[in-house]
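S.K.: One structure is given below, represented as structure tokens, and several questions about it will come after.
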Amino acid sequence: MFEKVGREVVFLPALFMETGFESGYMQPIGYPFYFVEDGTLVTLAGIEAQKQNVKLFSKYPVHSYTAAHVYRMKGGRFQGANNRDFSDAKDLFAIDYYPFYRQEITIESDEEFRYFRYLPSQDVLYSFAELQFYTRDKNNNLKLIGGEFFEPHATHSDFSLLLDNDLDTFVRSAPVRSSWIGFDVGENREISLTDIVFAPQNDGNCIIPGFTYELFIWKNNNWQPLGEKEATNNYLEYSNIPIDALFWLRCYTKGQEERIFTVENGRQVWW
């Protein structure tokens with residue numbers, strides 16, 4: 001009998017081998033389980049007769065500092081202008097949601113501008129891991145717009161980090177509440193912006209294209225592989241996996257933070 005067992009925590013019944021050849025070894029002897037808030041027991045046995053298709057977006061729950069950077073981006077705006085001080089600024093896209101990790105947005109306006117910028121909400125400092133501006137060629141293929149980033153306040157930022165496709169590097173604003181980041185496409189040049197790719201400063205635990213991952217399920221008292229994949233998008237898709245099971249997603253390319261999870265109503269639930 002175990003008393004005062006915590007709820008909303010995954011447990012694994014096991015034997016602790018005290019003597020003999022296996023001394024000190026923990027031997028699993030049952031399915032993982034947890035108790036919901038009302039005390040109901042949920043066993044994670046993995047129901048093979050009922051399968052599901054899932055999209056996985058991360059290998060670890062979001063850190064608080066990542067959530068803070070994302071929270072501050074809601075309300076920010078991307079603008080176009082033909083004056084460097086943006087006295088003639090026109091809004092192209094307003095962020096009305098919380099943009100976790102890498103985002104790809106489409107600009108509906110076909111107006112042409114020399115300058116583009118990201119303008120945070122009032123009294124908010126920006127912090128970007130990626131920021132890239134695109135147009136489309138005659139075949140509707142994305143084409144990265146060349147130019148130079150600039151800040152209206154003194155800063156020693158390495159703006160090349162915004163183009164390195166590395167979510168672990170980032171550029172922060174000058175420590176001035178009215179700061180924003182601009183982009184100049186060049187003298188005697190005006191361009192119609194069609195797409196923007198950006199990512200706030202983050203923990204890099206999302207699914208990253210080009211990285212190799214493998215999904216595991218707890219089954220028969222051990223972690224069993226469900227397939228290794230190289231990500232081609234910002235998510236991984238797995239088909240016909242059991243419901244009511246415990247999973248673990250590993251990344252073999254980079255990073256060590258990984259966490260067990262279940263899948264409920266198509267969403268990852270972390271434990």
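The values are calculated or read from the model by the stated rules, or taken from the named source; none is laboratory data. For clarity, every value in this text was computed on a predicted model and none was experimentally measured. Cβ sites come from the backbone with ideal geometry, for glycine too, and all protein chains shown count toward neighbours.
S.K.: I'd like to check something: does segment 152-161 contain any residue that is surrounded by 15 or more Cβ atoms within 10 Å (Cβ to Cβ) and in a strand (DSSP E or B)?
M.R.: From segment 152-161, those surrounded by 15 or more Cβ atoms within 10 Å (Cβ to Cβ) are 152, 155, 157, 159, 161; that's our starting set.
Retained after the next criterion (residues that are in a strand (DSSP E or B)): none.
Scanning segment 152-161, I find no residue that is surrounded by 15 or more Cβ atoms within 10 Å (Cβ to Cβ) and in a strand (DSSP E or B), so the answer is no.
S.K.: While we're here: With the condition being modelled with pLDDT of 90 or more, I'd like the strands (runs of 3 or more DSSP E) fully within segment 8-51 carrying at least 3 qualifying residues.
M.R.: Qualifying strands (runs of 3 or more DSSP E): 33-35, 41-43.
S.K.: Examine segment 132-142 for a residue that is touching a helix residue (DSSP H, G or I) at 6+ places or on another chain (Cβ under 9 Å) and surrounded by 16 or more Cβ atoms within 10 Å (Cβ to Cβ), and state whether such a residue exists.
M.R.: Filtering segment 132-142 down to residues touching a helix residue (DSSP H, G or I) at 6+ places or on another chain (Cβ under 9 Å) leaves 132.
So of that shortlist, the ones also surrounded by 16 or more Cβ atoms within 10 Å (Cβ to Cβ) come out as 132.
Yes, the conditions are met somewhere in segment 132-142.
S.K.: Could we say that LEU125 is under 27 Å from the mean Cα position of the chain (by Cα), within 30 Å of PHE211 (Cβ to Cβ) and of a type in the set (A, V, I, L, M, F, W, C) here?
M.R.: Here the answer is yes, as LEU125 does meet what is asked.
S.K.: I'm trying to understand the selection: among the residues of segment 128-151, which are assigned to a loop (DSSP other than H, G, I, E, B) and either free of Cβ contacts under 8 Å to residues at least 24 places away in the same chain or under 24 Å from the mean Cα position of the chain (by Cα) (or both)? Full working, then the answer.
M.R.: Here is the first cut: in segment 128-151, the residues assigned to a loop (DSSP other than H, G, I, E, B) are 137-141, 145-147, 151.
Selection gives ASP137, LYS138, ASN139, ASN140, ASN141.
Results for (1) buried (at least 16 other Cβ atoms within 10 Å of the Cβ); (2) more than 19 Å from ALA245 (Cα to Cα), shown as yes or no for each residue.
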{"residue": "THR40", "(1), (2)": "no, no"}
{"residue": "VAL54", "(1), (2)": "yes, no"}
{"residue": "SER64", "(1), (2)": "no, yes"}
{"residue": "HIS69", "(1), (2)": "yes, yes"}
{"residue": "LYS74", "(1), (2)": "no, yes"}
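S.K.: Before we move on, is PHE100 in the same structural domain as SER160 (by TED's automatic domain parsing) and either assigned to a strand (DSSP E or B) or under 22 Å from VAL176 (Cα atoms) (or both)?
M.R.: In short, no.
S.K.: Among ILE217, ILE196, which is the only one that is under 27 Å from PHE149 (Cβ atoms) and surrounded by 13 or more Cβ atoms within 10 Å (Cβ to Cβ)?
M.R.: Within the list ILE217, ILE196, the selection yields ILE196.
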